[in-house]
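What follows draws every value from the coordinates through simple rules; no lab data is involved. All figures in this text were calculated on a predicted structure; none of them were measured in a lab. Positions of Cβ are backbone-derived with ideal geometry, glycine not excepted, and every protein chain shown enters the neighbour counts.
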There are 2 protein chains.
Amino acid sequence: MESHRIEMFALRGIPDIAADDDLVVVILDALSDDKLTLRNGDVVVVTQKIVSKAEGCLVDLRTVEPAADARALAEVVDKDPRLVEVILRESRGVIRQRKGVLITETHHGWICANAGVDRSNIATDNAELVLTLPKNPDASARRIRKGLMTATGVDVAVLITDSHGRPWRLASVNLAIGVAGMNPIADLRGQSDRFGYQLQVTTVGRADELAAAAGLLSGQAAEGLPVVIIRGANYPRGDGQATEMQRPAARDLFR
Amino acid sequence: MESHRIEMFALRGIPDIAADDDLVVVILDALSDDKLTLRNGDVVVVTQKIVSKAEGCLVDLRTVEPAADARALAEVVDKDPRLVEVILRESRGVIRQRKGVLITETHHGWICANAGVDRSNIATDNAELVLTLPKNPDASARRIRKGLMTATGVDVAVLITDSHGRPWRLASVNLAIGVAGMNPIADLRGQSDRFGYQLQVTTVGRADELAAAAGLLSGQAAEGLPVVIIRGANYPRGDGQATEMQRPAARDLFR
């Protein structure tokens, strides 16, 4: 089945999120405020930041005692040793270290700057708070999807996204780190093109393309619009996980 | 200015493209067939493949005599020595070589598999044809933009896109390799978030997010839908070039 038209809209009524807020309720309320309803096949794209806030993934740096390895690494990368301690706790390994740059592999297996630990956009008088990635973004996506489907009766996919830098290319793009209700990779293998050749590009990172598309709306301003609905997109239905997009180290020439 | 809603549609009436076809005419005809008109601010996203075909970037492998370095490299990567010769002619350097994998930096400065040289989807009785990237995708984008603007009187941006694999993540995504009428990177530096912190993610690869969004429509099937219009997206107007997204080698830790 081909699709010729896609529509995307950002929900405007998402309030500041605090620990233990129910994102399902928040999303349903914002839909209702905008007089919108979910439809079968919609993709609900949620930024990592509000998922982490709802799940209480906050660390107060004043409570963090950096260990010796964090202090040594902090010297190299020229960052707050307490922040480096938090980053190391979130990581299974360091990929690159250089002044101003710390790229690690998170416990989930994502490779990104600072293990995705983020300092901006946290509402508090306390300037020492940092936000870590959700413990299990795929599980977060499944939980949100289940809640939305139970409340609305329609079948949607849910993505949790984060903005990552890339090798070779400047600037960050929005990517999927959690997935529910779809397989993140569309497999075109076995399909021939219209002239009978085997397709050279055989797998497409559909979840990442959806995440990047949503980033056009969610990441456009400092304010942020943390929930975007994508309607009309073709994606492989299934029970996949975002971690399926992680390239196994043995097949990765760039670690 | 914030945008809350984006619409994307693929043009259905794009025929097979041959050398010297005028893509401006082709796009205008396809718009007309679909009873659509361009509007100010639209982004016209065109896959590299039809640009290369229109520009005659075809090489018949039967005419290619591989040099000694191409023959040696072909052994290592287990590819047709004539194809490797074409790839090397398109490249300023080899980034990685391994059985089945040849990643190079093209003369434009893009790092990708096989210098973007592609075998599929070429209409001919001659199975030995391969398609190279356009000589200057930014210039191609500018040419298409100028033609569309002259014909329609509206101001649009134009992207030329290609599908690339990535380090760390499996599967390919659509990216911009040519840009006209916009700056590819949105610079959020200096903006504070709503709680007064400086934004941690300061530059966003807007052209790549637009390309990935279009990839949801253009890359969904073997047939392909090589022209997608994106309407309502916020992007930085300007006279930028896609090559501005190339990370300088000195700042790239993954070569």
**Request:** Using Cα positions and a limit of under 17 Å, work out the lysines in reach of residue B:79, with same-chain residues fewer than 8 apart set aside.
**Result:** B:99
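Mind ranking A:13-24, B:155-166 by how tightly packed they are, going by the mean number of other C-beta atoms within 10 angstrom, highest first?
Working: A:13-24: 14.9, B:155-166: 24.5.
Descending mean neighbour count gives B:155-166, A:13-24.
Counting only other chains, what is the mean number of Cβ atoms within 10 angstrom of the Cβ of each residue in peptide B:159-169? All intermediate terms of the calculation are to be shown ahead of the outcome.
Values: counts 0, 0, 0, 1, 5, 3, 4, 11, 9, 17, 15.
Partner Cβ neighbours, averaged per residue: 6.
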**Prompt:** For chain B, rounded, prolate or oblate, judged on the Cα gyration tensor with a ≥ b ≥ c (square roots of eigenvalues), a/c < 1.5 rounded, else prolate if a/b > b/c?
**Reply:** oblate
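For region B:58-131, what percent of Cα pairs sit more than 14 Å apart? Spell out each step's value before the answer.
Details: 1514 of 2701 pairs.
Of all Cα-Cα pairs in region B:58-131, 56 percent lie more than 14 Å apart.
Taking GluC sites (Glu not before Pro) as candidate sites, keep only those in a DSSP loop with at most 12 other Cβ atoms within 10 Å, then name the longest stretch of chain A containing none of them. Kindly include the intermediate steps, with their values, before the conclusion.
Details: sites that count: A:2, A:223.
Of all site-free stretches, the longest is A:3-222.
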**Message:** Among B:4, B:158, A:31, which residue has its Cα furthest toward the positive end of the charge dipole of the protein assembly as shown, with +1 on Lys/Arg Cβ and -1 on Asp/Glu Cβ?
**Reply:** B:158
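Over the whole of A:241-254, what's the average partner chain Cβ count within 10 Å per residue? Rounded to a whole number, please. Present the calculation step by step, with values, prior to reporting the outcome.
Numbers: counts 0, 1, 0, 2, 5, 3, 7, 1, 1, 0, 3, 5, 8, 9.
Mean partner shielding for this stretch: 3.
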**Request:** Run the dipole for region B:58-131 about the Cα centre, Lys and Arg Cβ at +1, Asp and Glu Cβ at -1, nothing else charged, and hand back the magnitude in debye, nearest 20.
**Result:** 280 debye
**Asked** Are there any helices in chain B, counted as whole DSSP H runs, that stretch 20 Å or more along their axis by Cα and score at least 1.6 on average by Kyte-Doolittle, and if so which?
**Response** none
